[in-house]
Every structure is written in C-alpha cells, then in structure tokens.
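Asker: For reference, the structure I am asking about is given below.
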Amino acid sequence: MAACHITEGLVDDERFDPKANKALKKAILSARKSMIPENYVQRVIQFAQQGYSDIEFKTYDTDWDSEAYLTVAGQNSNNSVRVSNEYLQAVLDKGDWELIKRRDGGVAKRIKASRSMGKNCPCSMGLC
C-alpha cells in the first residue's frame, strides 16, 4: 500500500499502475513471491485508490476461548460424530449401546441407542 502513495515523478493515477510505478511493481512481485493471493493484492491497491494509507489484518488463533470462536466463521466449525454400522443397526433395532471407556476399554454405561443421538450429542452437531 505504501508504494501506491509514492507521488514523486508520477502524475494523477500513475501511482496505482505497476507499469508506471516501479515501486508498486516491485511490491506486487514481492507479494506474489510470498504467495499472497492476487485478489488481496488488487484489493489493497483499490483501498489505496480510495485514500487509505494502511490496512490492518486481524490474526486469530483456534483456541476455544479465543476471539475467533466468537466470529461466524468460528461458529461454523465441523462438529461431526463418527458412528459405526453396528451402532446404526442398534438404533434401528431399538437396542442397547455400550459406552466404552477410553483408558481401559471397559463399559462405562449402557444406554438405549435409539435415544442417544439426539439426547447426548451437542446441539451444534448436525444429524445427517
């Protein structure tokens, strides 16, 4: 964006033209080398044409308690549950299903498979 604000030796909108503004051309080539998407580069030039002199990009982490999770994108995460064919058969048969402990492989609890999906899975999970 800084290269768009160089006016020395440039007339009118030449500062936004990489053919006329050598500093802008160099900055664009550097951005491409850094794998910055072309639409980002062009959008920054458009912002410079509108009079902006700097731009701030927020950086988010993926921690559950972070600001990112409060965004729409953070809430649109994949909350899926993998189920086996045996489990689905137990649901169809209205049978029991054993919940297995991770540490020792023992049975933690026996539940009705047909009622377990809607009752025990998080509300954010989409049932398919």
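Asker: If packing is taken as the average count of other Cβ atoms within 10 Å, what order do 13-23, 51-61 fall into, highest mean first? Mind showing how you got there, number by number?
Answerer: Numbers: 13-23: 15.2, 51-61: 8.7.
Packing proxy ranking, top to bottom: 13-23, 51-61.
Asker: Please pull out the direction-averaged projected area of region 2-49, using the convex hull of its alpha-carbon atoms, in nm² to one decimal place.
Answerer: Reported value for the Cα convex hull: 3.0 nm².
Asker: Turning to a different aspect of this structure: Output ³J(HN,Hα) for region 8-15: one whole-Hz value per residue in order, computed from phi by the Karplus curve 6.51 cos²θ - 1.76 cosθ + 1.60 with θ = phi - 60°, and x for Gly and Pro.
Answerer: Karplus values, whole Hz, x for Gly and Pro: 4, x, 10, 10, 6, 8, 4, 5.
Quick note: the coordinates plus some simple rules give every number you see, no bench work behind them. Just so it is clear, the model here is predicted, and its values are computed rather than measured. Positions of Cβ are backbone-derived with ideal geometry, glycine not excepted, and every protein chain shown enters the neighbour counts.
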